[in-house]
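The values are calculated or read from the model by the stated rules, or taken from the named source; none is laboratory data. Predicted model, so just to flag it, every value in this text is computed and none were measured. Cβ coordinates were reconstructed from backbone atoms using ideal geometry, including for glycine residues, and neighbour counts include every protein chain displayed.
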Amino acid sequence: IDSRFPAMGTTIFTVMSRLAAECSAVNLAQGFPDFQAEDALFDAMHRHLRAGRNQYAPMAGMPELRTAIAGKVAALYGAAYDSETEITVTAGATQAIFTAIAAFVRPGDEVIVFAPVYDSYVPAIETVGGKAVYAHLRFPDYAPDWDEVRALITPRTRMIVINSPHNPTGALLSAADLDALAGVVRGSDIVVLSDEVYEHILFDGEAHASLSGHLELAARSIVVSSFGKTYHITGWKIGYVVGPAALMAEFRKVHQFNVFTVHGPSQLAIADYMQDASRHLGLAAFYQEKRDAFRQLLAATPFELLPCRGTYFQLARYERMSELADRDFAEWLTREVGVAVIPVSVFQPDGRDDKVVRFCFAKREETLVAAAARLQRAF
Ligand code: PMP
Ligand code: GLN
């Protein structure tokens, strides 16, 4: 076949999860919890299934869930989104991101992304004929350089995609970063797409700087989140976007013909489950304990740990341990040591290799201990 995307490979998450299974390695590569969500969530799902809520949800999502999202976003970020016109439920953040890009980016338009960049953004941009333009997060603290971003703006810049807390680095954008971004886009018609799927996973008392809560930016932004991360249900693939009505109307033009609507009973179950805010508010403390335990375990190895301020990913440098390029090191670690990780160079447009790998610590204590034991034995 004459492939439309000859250079597009298979996502690293599939590659590493497959290799991990093949080698019976502990899979700390792909980001997903290996523990179960609470029964209350499943009980709610069963109730709605049995009550017959099994036909199409409205295109924008179940009203019960959109109302719950509006309440949460208002409570956390002081933002007033209208659940009728400004909130749409999606099949996870991946569909939300793809649909937003398809809704706003015309062929030939430029979209600024930050490297290292989460792996679905650029293929989505290129699928609709846009061009990714890279700003660089500074190694090793992964801070953005807003002067660089300003210099990258051209008349074709249509969108800027940001992600905080940031996958794969665990870095955060501050309120000052959002002000700087507002300064960069002021006076333009650039749309900001803000991937905030880890909005509840920030450590050491840090507060999430959501674009929803930034009045000036919110007026031109689509903000994305995912219940997969928040409620330990990545397989349900339920996420959402919020944004001003004019932008949301454009988003929905694509959404209606992209998926029309997403799995209904899950939406109803999540709407019930969200009523107890401690379930999302408790996530930071829950994962901070895992982060701290995992860092402690890795301290007994020669890995050099980078800061982890949010997300459930820990970056580590392995320069003292191996000369291998990070992809080769990740493969070797999976095959020979039995611990699967993600090489961070896959998120770099030019393959830049800082000899850093990403561990996912959204795992049971025994999983983390088993992985650490293998690493300690090997090094
Ligand atoms: N954005 C980022 C930064 C992510 O880490 C992920 C999932 N790991 C997604 C988007 C996709 O989320 P979902 O699984 O809800 O599609
Ligand atoms: N976002 C998850 C990660 O970073 C994986 C999602 C996926 O497999 N597409 O590991």
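Restricting the range 341-358 to residues that are among the β-branched types (Val, Ile, Thr) and within 17 Å of residue 306 (Cα to Cα), the residue that is nearest to ligand 1 (Cβ to nearest atom) is 342.
Residue 122 falls short of the stated requirement of being under 21 Å from the mean Cα position of the chain (by Cα), closer than 30 Å to residue 9 by Cα and away from ligand 2 (no atom under 16 Å from the Cβ).
What do you reckon, is residue 116 surrounded by fewer than 18 Cβ atoms within 10 Å (Cβ to Cβ) and within 16 Å of ligand 2 (Cβ to nearest atom)? Spelling it out, it is not the case that residue 116 is surrounded by fewer than 18 Cβ atoms within 10 Å (Cβ to Cβ) and within 16 Å of ligand 2 (Cβ to nearest atom). Only a single item in (1) assigned by TED's automatic domain parsing to the domain that holds residue 87; (2) crowded, with 21+ Cβ neighbours inside 10 Å; (3) of a type outside the set (A, V, I, L, M, F, W, C); (4) assigned to a helix (DSSP H, G or I) is not met by residue 287, and it is number (1). Pairs please, first residue from the range 222-240 and more than 14 Å from residue 90 (Cβ to Cβ), second anywhere and of a type in the set (Gly, Ala, Ser) and surrounded by fewer than 21 Cβ atoms within 10 Å (Cβ to Cβ), Cβ atoms under 8 Å, 6+ apart in sequence or on different chains. Hits for this filter: 231/37; 232/37; 233/37. Annotation note: of 68, 74, 37, 20, the sole residue that is farther than 26 Å from residue 132 by Cα, not in a loop (DSSP other than H, G, I, E, B) and not assigned by TED's automatic domain parsing to the domain that holds residue 268 is 20. Check the range 317-334 and report whether any residue there is without any contact (Cβ under 8 Å) to a residue 40 or more places away in the chain, in the same structural domain as residue 20 (by TED's automatic domain parsing), among the hydrophobic types (A, V, I, L, M, F, W, C) and in contact with a Phe, Trp or Tyr (Cβ under 8 Å, 6 or more places away or on another chain). Among the residues of the range 317-334, at least one is without any contact (Cβ under 8 Å) to a residue 40 or more places away in the chain, in the same structural domain as residue 20 (by TED's automatic domain parsing), among the hydrophobic types (A, V, I, L, M, F, W, C) and in contact with a Phe, Trp or Tyr (Cβ under 8 Å, 6 or more places away or on another chain), which makes the answer yes.
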